[in-house]
Each structure stands twice: as C-alpha cells, then as structure tokens.
Amino acid sequence: MAGEGSAATVTGNKTDTGGFYPLSINPAGKVLRGDYLSDGKLVLFLGLPGALGVLAQPGDVIPGAPSPIDELGVASFTDNSAAPINGDGRAVFGARFSGDSYFSLLVGATASLSIAAQPGMQAPGRPPGITFTFIDLQTASLREQDRILFQANDTATDNVNVGIYAGLLGNLALVARSGDQAVGTGPGVFYDIQ
C-alpha cells in the first residue's frame, strides 16, 4: 500500500495528501481504503496489499448514472460486522453525480460498479411516485452476494418519510418505515426511525 505522501500512480501524477481513510479489510485480505489527493478529491482503492487499484474516483462514468461522478462518500461502519467491504471483495460507498445534490449508493468492485439506490428512484414498498430523496451513507452495510442494508428518506409528504431498505441489487424491499405499526407489538407502538 502507498504511504502518506507517496505517489498514487494509478490516478496519474497526483499525490496522497493525508492518512488512510477509510480503511477496511475483508476475511480474504482485500483492503478498501481512500485518500484525498493533491487535487482535494477523495479516491477509493480496492485490492490485495501490493496490488491496490482504483475502485472509483471523480470523473468516472457508472452505467445507469445521470452523469460522471463528482464526489465520493464513504459508507460508515462501527465494527467489522458492518464493514463497507464484503467477503466477496465488493464494496459499498456513496457517489454524488455531477449536477446532483445528494449521494447515490454504489456497490461493486473495480470496473464492475452498480447503482444500488439513488435519489429519484422509486422507493420499494412505497406507493408509485414516492422516490428516494436522501440515502444515509452512515447506515449502509454490505454482505455476500451484494446483500445491502441502508436507511433512506423519500418524497412522502406525511412527515413519516424515513425507511430501512434491504435486499439484493435490483431487488430491494422496505424493511420498516417510520410511523408504521411495530411488528409483534400491541396497538399504538410505532417505528420511530431517525
């Protein structure tokens, strides 16, 4: 892996400007890390130690995206059970596309990225026309076979527009929605997702 201040040759003549952010490793030893380069942009790297490659960087074009990536965001995690890299060596992270205000959620590996959820996309389990507005990268986690879990806001106008979503790429489902009756509880007990 490159050290602080060393050349990041895979992205041209830019150099690393700071430590290793974020840093995650899967059971097979693949590493996900990011660096802010001398142009101020975050670049994500993925691979085995000594063989890291660029996972994503500003300017990349992703199939199905409205425009090139303008900015990257990292999926947060509190322990390895929710790390943003799964056992298959695939990662989950955010990308804000040029002209967009909010981040989309991407999943994949180098040269094989897919959009899992994005603002304007129909929110699964919600009435037609109710779409995602804000996808919370702090809640995103990824498991094998690209099983994903995240929280998102939608365009509902009833003040209960936050939900938890899970599933496979292209087959997401609503797990719970703020304001819905809590499963297995008595009357008057509702989910309060914030």
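The values are calculated or read from the model by the stated rules, or taken from the named source; none is laboratory data. Treat the numbers as computed from the prediction; the structure is a model and nothing was measured. All Cβ positions, glycine included, derive from the backbone under ideal geometry; neighbour counts span all protein chains shown. Side chains included, ligands, DNA and RNA excluded: accessible areas come from the protein's heavy atoms. Shrake-Rupley method; radii C 1.70, N 1.55, O 1.52, S 1.80 Å.
Brief remarks follow.
- Set D158, D192, D146: member being modelled with pLDDT under 95 and either in contact with a strand residue (DSSP E or B) (Cβ under 6 Å, 6 or more places away or on another chain) or of a type in the set (F, W, Y) (or both): D146
- In segment 117-138, the qualifying residues are those that are touching a residue at least 40 places away in the same chain (Cβ under 8 Å) and assigned to a strand (DSSP E or B), and the one that is most open to solvent (accessible area, probe 1.4 Å) is Q138.
- Checked against the criterion of being touching a Phe, Trp or Tyr at 6+ places or on another chain (Cβ under 7 Å), touching a residue at least 12 places away in the same chain (Cβ under 8 Å) and more than 22 Å from V162 (Cβ to Cβ), the candidates S98, S114, S67 yield just one match: S67.
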